[in-house]
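The structure appears right after this line, and notes come after that.
The numbers here are math on the coordinates, done by the rules we state, and not lab data. This structure is a prediction, so every number in the text was calculated from the model and none was measured. Reconstructed Cβ throughout: ideal geometry from the backbone, glycine too, with neighbour counts over all protein chains shown.
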Amino acid sequence: MRSHYCGQLNETLVDQTVTVCGWVHRRRDHGGVIFLDMRDRDGVAQFVVDPDTAEAFANADRARSEYVLRISGRVRPRPEGTQNPNMPTGMIEVLAKSVEVLNTAVTPPFQLDEHGKVGEEVRLKHRYIDLRRPDMIDKLRLRSRISHTVRAFLENQGFLDIETPVLTRATPEGARDYLVPSRTHAGSFFALPQSPQLFKQLLMVAGFDRYYQIAKCFRDEDLRADRQPEFTQIDIEASFVEENDIMDITESMIRQLFQEVLDVGLPAFPRMTWQEAMDRFGSDKPDLRIPLELTDVDDLMKQVDFKVFSGPASADDGRVAALKVPGGASLSRKEIDEYTKFVGIYGAKGLAWIKVNERAKGLEGLQSPIVKFMENVVEELLDRVDAKDGDIIFFGADKARIVNEAIGALRVKLGADLDLYTQAWAPLWVVDFPMFEADDNGRLSPLHHPFTAPACSPEALKADPANALSRAYDMVLNGTELGGGSIRIHDQTMQSTVFDILGIGEEEAQEKFGFLLDALQYGAPPHGGLAFGLDRLVMLMAGAKTIREVIAFPKTQSAACLMTDAPGEVSAEQLKDLNIRLRQKAKAESTAE
């Protein structure tokens, strides 16, 4: 039906006849001559329709925004003074000879060139209209190119693209499963995979050596800007490898991806232990573009007569950390109060601060409601953080977990608010993660997942599980975890030891993971891998604010699809087929909401 896309028209086609199909982006009537800006996935081009071509002119005259047209005509240079060098097709126009209306359209819910004024709910409700915008087309085109580049790289490295099941069984991986009732097995359920973890390990046992998949995954969890109930992973696994092998392969992949797609050469990927990242930045995914660091002052605060500081400083699970912000003394009290509210989101009970107005004046040169409580250590404190005139020092004092989360998040917010970024891209590897983390009751759970290999023997792991390190690694870029992985457990004895520590008895382990434990008996090779979040990767590379901007049909933050009105109710007959009966209370609560 067409010879060219709109965005392909340029000066090389002058005097040639072309045919395009697309949507009316804009229609203008200039004294009897009609100008149609036509749009398709490749761009926008201008068409001129004269009254001399009566049928074409009549069709152009009745065309309106988003009508679907097929237009043929001769390409010609735009008249002097009407050229648009900022537009790929801005040096030419097409004198239309025929205009065919392929379909009409009602007035769209929003103008496609004024999307900034439209709320996200309206855009998601009419996503098929929203996706016509050049900005959205560019993002999805970028996503397609990223996927293609990744596939080409991995295929070239000897990885095989192998699909794994979407209907599987529920496994504890840290989030709730989406369950699918079985009609043929009454009372039993499939689960949608949170990741292909177990299947890719079984592929290594089977001897496929190098596997990859761009896989759909599902997690029924509370959502944030970078989370969706269904998301896409670049999933990678290889046999006979150690940490450095996987890290080298995937770092090379990301470097090549940025170079080919964005023409960006990424800087060095430093390696940082998990402990160092938490100590210096309060986060296991630190944004190294921001030149602010947390400084431990526990030893100083043990000496002050101020229980808000001395208590956490003396507690085994406590921490007092200082965050110096150069030039931050210019922050107003209102701004400081806003930051105090912000850290409260992370459980902090407050935000202490000291403004260094004129250090040479001693205590007189400091401004703070707390400085009177620490006169005996204030000079040593200022020296430790290297305070200068005009700086402000913020403090976090609580359980270490709360301090890290609150002050770590404050560091990131200050970096954005004060534009403290020192570079465009800052990648790194975080390594040497703890094997387990403890909840408030001391119960251990895997920091990553229970198939991650510890960096010690089964005997050493049993003797001191709380302090054991794992063979895990995360790739971080600009404060976002791009991907995480580990060397896996390939020995049945080690896997059983990990299950024992987690309180998973032999019977439960066999019931939930028997197929994996059985497989490990049949010559499982050493293996490991890594999974990248494709949505997050595209979000970063596109400069988008949320992953919803780079997914064709995303869910809202409440895990709903506004366009299809999903999730929705199903008929009584369908429920009967599945042997499911809804609780009346649950139905009533749902109706009330």
Based on the mean of other Cβ atoms within 10 Å per residue, sort peptides 492-504, 437-449 so the most packed one is first. 492-504, 437-449
What's the extension gain from V101 to K117 if we count 0.36 nm per residue and subtract their Cα-Cα distance? 2.8 nm
For the stretch 409-509, what D do you get in µm² per second when you plug the Kirkwood radius from alpha-carbon pairs into Stokes-Einstein at 37 °C and 0.692 mPa s? 212 µm²/s
Over the chain, calculate the relative contact order: mean separation of alpha carbon pairs under 8 Å at least 6 apart, over the residue count, as a percent. 13 percent
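With a/c under 1.5 counting as rounded, go ahead and sort the stretch 290-422 into rounded, prolate or oblate using the C-alpha gyration tensor (a ≥ b ≥ c being the square roots of the eigenvalues; past the cut-off, prolate if a/b is larger than b/c, else oblate). Can you show the working numbers first?
Numbers: a/c = 1.58, a/b = 1.03, b/c = 1.53.
Because a/c hits 1.5 or more and a/b fails to exceed b/c, the stretch 290-422 counts as oblate.
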At a threshold of 8 angstrom on Cα-Cα distance, excluding pairs fewer than six apart, so keeping six or more, what relative contact order does the stretch 262-398 reach in percent? 28 percent
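Compute the relative contact order of the stretch 376-523 as a whole-number percentage, counting only Cα pairs closer than 8 Å that sit 6 or more residues apart in sequence.
On the way: 155 pairs, mean separation 26.5, N = 148.
It rounds to 18 percent for the stretch 376-523.
Counting Lys and Arg as +1 and Asp and Glu as -1, what is the net charge of the other residues whose Cβ lies under 13 Å from the Cβ of E338? Kindly include the intermediate steps, with their values, before the conclusion.
On the way: positive: R333, K334, K341, K413; negative: E335, D337, D417.
Combined, the nearby Lys, Arg, Asp and Glu give +1.
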Computed FRET efficiency, Cβ-Cβ of N467 and T19, R0 56 Å: what is it to the nearest 0.05? 0.20
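Within 10 Å of each candidate Cβ there may be at most 12 other Cβ atoms; applying that plus a DSSP loop requirement, which trypsin sites (Lys or Arg not before Pro) in the stretch 498-553 survive? Spell out each step's value before the answer.
Values: sites: K512, R536, K545, R548; in loops: K545.
Those satisfying the criteria are K545.
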Hey, of [x] 92, 74, 55; [y] 101, 56, 50; [z] 71, 65, 63, which did the structure itself give for Cα extents along the principal axes in Å when calculated? [x]
Counting other Cβ atoms within 10 Å of each Cβ, which GluC sites (Glu not before Pro) in the stretch 77-186 have at most 11 and sit in a DSSP loop? E80, E114, E163
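Say the cut-off is 21 Å between C-alpha atoms; which of K285/K512; K361/K413; K117/K545; K361/K388 go over it? Kindly include the intermediate steps, with their values, before the conclusion.
Numbers: K285/K512 32 Å; K361/K413 31 Å; K117/K545 16 Å; K361/K388 12 Å.
Over 21 Å apart, Cα to Cα: K285/K512; K361/K413.
With Rg and the Kirkwood Rh both taken from Cα atoms, where does Rg over Rh land for the stretch 475-593? Each step should come with its number before you reach the end.
On the way: Rg = 21.9 Å, Rh = 19.5 Å.
Ratio value, two decimals: 1.12.
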Calculated FRET value between R359 and E335, using beta carbons and R₀ = 30 Å, to 0.05: 0.85
Okay, helix-only estimate at 222 nm for the chain: each DSSP H run of n ≥ 4 adds -39500 (n - 2.57), divide by all residues, round to 500 deg cm²/dmol; what do you get? -9000 deg cm²/dmol
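Between E276 and R41, take the C-beta separation as r, use R0 = 45 Å, and let me know the FRET efficiency to the nearest 0.05. Intermediate values should be presented prior to the final figure.
On the way: r = 47 Å, r/R0 = 1.04.
So the FRET efficiency works out to roughly 0.45.
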Sort the following peptides by mean Cβ neighbour count (other Cβ atoms within 10 Å, averaged over residues), highest first: 290-299, 468-477. 468-477, 290-299
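Between their Cα atoms, which of K334/K555; K97/K139; K302/K462; K302/K324; K125/K341; K302/K372 are more than 27 Å away from each other? Intermediate values should be presented prior to the final figure.
Details: K334/K555 36 Å; K97/K139 34 Å; K302/K462 34 Å; K302/K324 20 Å; K125/K341 33 Å; K302/K372 15 Å.
Listed pairs above 27 Å: K334/K555; K97/K139; K302/K462; K125/K341.
Please report the projected area of the stretch 6-103's Cα convex hull averaged over all directions, in nm².
Details: hull surface 22.7 nm².
Taking the Cα atoms of the stretch 6-103, their convex hull projects to 5.7 nm² on average.
How about the stretch 1-99: which trypsin sites (Lys or Arg not before Pro) there are in a DSSP loop, with at most 16 other Cβ atoms within 10 Å of their Cβ?
In loop regions of the stretch 1-99 (DSSP not H, G, I, E or B), the sparsely surrounded trypsin sites (Lys or Arg not before Pro) are R2, R41, R64.
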